[in-house]
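Step one of this worksheet: look at the structure below.
The values are calculated or read from the model by the stated rules, or taken from the named source; none is laboratory data. A quick note: this is a predicted structure, and the numbers were derived from the prediction, not measured. Every residue, glycine among them, receives a Cβ derived from its backbone with ideal geometry; neighbour counts consider all protein chains shown. To get the accessible areas, we keep the full protein, side chains included, count just its heavy atoms, and leave off ligands, DNA and RNA. Shrake-Rupley method; radii C 1.70, N 1.55, O 1.52, S 1.80 Å.
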Amino acid sequence: MTVTDSATLPNGVDIAAIREARSLMTDSPELADFQFRATNQWVEGVQSRTSFETFYGAGDEQRHRQVFTFDADHPELFAAPDNGPTPVEFVLHALASCLTAGIASIAAHRGITLHRVTSTVEGDIDLLGLMGIDSGVRNGYSAIRVSFELAGDAPAEELDKLVAQSTRRSAVYDVVTNGVPVDINVKAA
């Protein structure tokens with residue numbers, strides 16, 4: 001697929017390409033089977049580095065245009081050098097960016113020009129569980145809140161509908177709110 005100059009697209013979203021992909025996947029559902037991959041390596045202390053390079057989709061192996069690499073660490077408060085966001089902060093990033101991408105795409109599909117989309121995502125976590133102090137406290141977030149501010153060429157109720165539709169279609173929202181089975185395997189090196 002050819003990438004079009006985003007300046008000529010509504011909200012920078014290539015709706016024609018999305019519609020074409022949707023049509024292809026409707027006709028050939030096997031093209032919708034994707035597998036995304038991340039490779040993580042310990043750096044030192046509690047810091048690690050994750051890379052994203054290849055994935056499977058549209059019936060074949062795919063490659064990002066470049067390798068994307070992100071470091072995760074812990075703050076100095078936890079006797080760490082703070083060389084990156086914590087892993088639980090990446091969950092907030094994933095949720096915000098997935099919802100925002102959906103909003104932009106849905107707005108373009110509906111012919112709504114966006115001028116600004118910002119969000120604040122907050123997650124509450126009680127470290128008594130994570131630190132093994134209280135087994136009755138869950139290890140992860142107990143609550144997550146997302147607050148959006150949208151400006152666009154549509155009434156407020158139409159902008160609200162963009163967020164609602166994005167929430168219904170967000171893969172990350174689905175993972176966070178419904179969970180997913182995780183299979184962990186260990187191989188000694």
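Can you send over the carbon and sulfur percentage of the accessible area for the range 32-89, probe radius 1.4 Å, protein chains only?
Of the solvent-accessible surface of the range 32-89, carbon and sulfur hold 52 percent.
Could you tell me whether the range 42-113 comes out rounded, prolate or oblate from its Cα gyration tensor? Rule is a ≥ b ≥ c as square roots of the eigenvalues, rounded for a/c under 1.5, then prolate if a/b exceeds b/c, otherwise oblate.
oblate
Using only Cα atoms, locate the centre of the range 72-99 and the centre of the range 46-63, then give the distance between them in Å, rounded to an integer.
The range 72-99 and the range 46-63 have Cα centres spaced 20 Å from each other.
With a 1.4 Å probe and all protein chains left in place, how much of the accessible area of the range 92-189 comes from carbon and sulfur atoms, in whole percent?
Whole-percent figure for carbon plus sulfur exposure: 53.
Need one word for the range 93-189: rounded, prolate or oblate. Basis is the Cα gyration tensor (sqrt eigenvalues a ≥ b ≥ c); a/c below 1.5 gives rounded, then a/b vs b/c decides.
prolate
Roughly how tilted is helix 15-27, in degrees to the nearest 10 and between 0 and 90, from the longest Cα axis of the chain?
It is inclined by approximately 80 degrees.
Could you order peptides 25-36, 49-60 by the average number of other Cβ atoms within 10 Å of their residues, highest first?
49-60, 25-36
Rounded, prolate or oblate: which fits the range 1-141, taking a ≥ b ≥ c as square roots of the Cα gyration tensor eigenvalues, rounded meaning a/c under 1.5, else prolate when a/b beats b/c?
The shape class here is prolate.
With every protein chain left in place, what is the accessible area per residue of the chain in square angstrom, probe 1.4 Å?
Averaged over the residues of the chain, the accessible area is 70 Å².
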